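Remarks on the structure that follows.
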Amino acid sequence: MITRLLSPWTAAVMTGLLLTAGFSFFNLYGASWIALIPLLAGIGGLSLRTAFLAGFLAGFVHNLTALYWITYVVTHYGNLPLPVSASVLCLLCAYLALYPALFFAAAHRWNASPGLWVWGLPCLWIALEWVRAHALTGFPWTNLGYTQTTVDPLLQTADIAGVYGAGWLVVLGNTVLLGLVKRHVGPRSFVAAVLCFALFFGYGGWRGQTLKKEPKDPASALQVALIQGNIDQSVKWDPAFQQETLAIYRNLSEAAVQESHPDLLIWPETAAPFFYGLEETPTRMLHEIAASLNVPVVLGIPWVIAEGTTPRLQNRAVLFHPTEGIVAAYAKRHLVPFGEYVPLKRLLFFVEKLVAAAGDFVPGKSPAIFPFKNAPIGVLICYEAIFPELARDAVRHGARLLVNLTNDAWFGRTAAPFQHLDIARWRSVECRVPVARCANTGISAVFDHTGKILASLPLDVAATAAAAIVPGKDTPTFYVRHGDLFAWACTLTAVGCLVYGERARRTRRSGPRKAARLPL
């Protein structure tokens, strides 16, 4: 037995590494289906304290190996010494490790209740993911469902359950596999589990095939072109490099216009690294470029607003018309902690933001849909793509095309650009609208409403990519209408299981009668 061969700490490390192995860049998605087993296998033989600490270690190892790129960002662009950058990463990983610690503590408490163990743990995992996605500004980067991005039937279930549905099924796979070995799974539970797998894979397979067979209307298609400038982060904000930056985007855009005749050009986040209207020369150049291209452009640009008597900054995306200039604008709503603002600033007065600009950025307040032909545009700037509620909000307000502008130059050639790309892909399936993702240094891509990649550009190249997209339909998906209903249901179920589990434990302690168990 695995429990006899491994100490809880070795098992915890194995679980943490297997959890990371399922994510993009490592691409061992099958590892996720057994990732929890090493630690779960011997959880009943531990004390509650040891189970919590082992779960903490598993979570710490997982987040450390999945988010190691944060050290790269903070060292290279935060100008902090490597030991300090590593400490920042460790603090974040310690916080994130609390969630799996609670999960494995509950697994220990429920070990004597097979029904809770097999069915309650998947719901608890999703409940903890949902809390993590909203607590302390939220950080749903490593949701377990993202490991199944390349498993198309599970990806297609996102229009009902979001990414949480796939995550729930993966955890259920872990508990059922181990439950069969430990004889925690009776005939009824086994049949129910098989039905759950059949339901998810059956619906996903059917939905994907149905959408692929839908007749296409060539008249409704739009040609979009991504312009990946590949501007090095070290010179991006250098005033001496402003004109050269604009020249790079002009030359690439001219090539795209000649080759693919796009209806829309898309430049990445802060592609224009100057303050529009306040800096005369680059502002004039931008107008000249747009006029010469004669094609509307969606691009990112920093902005200054007046808040009282104090000028404040916003991270904006704008729709730039060839003759009319800026005709629509969107301000980033979910800012990056320590990137665009410093949380708890009075306490962390010694911490500086990563973005080279004075003062904290001001968040926007609305989706600000850009009117554009038959495809009104909703914009997600950079980090906003990891929050499905923002994409859903844009689609509910009328967006039929989502544009994700980002600058992943911060990440270098780490796992982060690949992880970020996978996350954006789920937004297209949840909302059943195409997503055009334009990144400064890559990875840029266009996804259709099934999450299929229509065009892409690799890391660290200055290039263009074009694709014909069909705008999303006016009929919203179940997910757009109801949001994270699946995650809510898991959360309520997990709370019920916690209450039931504690009552069952007290019953076992109070007398010789056998405690009630959930039916199997």
Checklist entry - Could you give every pair whose Cβ atoms fall below 7 Å, whose first residue belongs to the range 40-64 and is more than 19 Å from Trp117 (Cβ to Cβ), and whose second residue is of a type in the set (Ser, Thr, Tyr) and not in a helix (DSSP H, G or I), counting only separations of at least 6 or pairs across chains? => result Asn63/Thr142
Checklist entry - Going by the structure shown, is Val170 within 27 Å of the chain's Cα centre (by Cα) and not in a helix (DSSP H, G or I)? => result no
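Here's the yes/no breakdown for (1) under 29 Å from the mean Cα position of the chain (by Cα); (2) among the aromatic types (Phe, Trp, Tyr):
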site	(1), (2)
Ser189	no, no
Leu195	yes, no
Phe200	yes, yes
Gly205	yes, no
Lys212	yes, no
Lys216	no, no
Gln228	yes, no
Checklist entry - Tally time: how many residues in the range 369-388 are modelled with pLDDT of 90 or more and under 22 Å from the mean Cα position of the chain (by Cα)? => result 12
Checklist entry - For the range 64-78, how many residues meet the condition of being modelled with pLDDT under 85 and either of a type in the set (Phe, Trp, Tyr) or buried (at least 21 other Cβ atoms within 10 Å of the Cβ) (or both)? => result 2
Checklist entry - Out of all the residues in the range 324-347, is one or more in contact with a strand residue (DSSP E or B) (Cβ under 6 Å, 6 or more places away or on another chain), modelled with pLDDT of 85 or more and part of a loop (DSSP other than H, G, I, E, B)? => result yes
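Does Gly451 satisfy the criteria of being within 23 Å of Leu154 (Cα to Cα) and either part of a loop (DSSP other than H, G, I, E, B) or not acidic (Asp, Glu) (or both)?
Taking the combined requirement at face value, the residue satisfies it.
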Checklist outcome for this item: Among residues of the range 474-510 being modelled with pLDDT of 90 or more, part of a loop (DSSP other than H, G, I, E, B) and not polar (S, T, N, Q), the residue nearest to Ala166 (Cα to Cα) is Asp484
Item to check | Unique match (being outside the structural domain of Asn63 (by TED's automatic domain parsing) and part of a loop (DSSP other than H, G, I, E, B)) among Asn374, Asn404 | outcome: Asn374
Checklist outcome for this item: Conditions (1) modelled with pLDDT under 95; (2) out of contact with any Pro (no Cβ under 9 Å at 6 or more places or on another chain); (3) crowded, with 24+ Cβ neighbours inside 10 Å -> Gly442 fails only (2)
Next on the checklist: Suppose we keep only residues that are of a type in the set (Val, Ile, Thr) and surrounded by 14 or more Cβ atoms within 10 Å (Cβ to Cβ) within the range 234-281. Which one would you say is farthest from the chain's Cα centre (by Cα)?
Outcome noted: Val257
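The values are calculated or read from the model by the stated rules, or taken from the named source; none is laboratory data. Every value quoted in this text rests on a predicted model; they were computed, and no experiment measured them. Backbone-built Cβ (ideal geometry, glycine too); neighbour counts: all protein chains shown.
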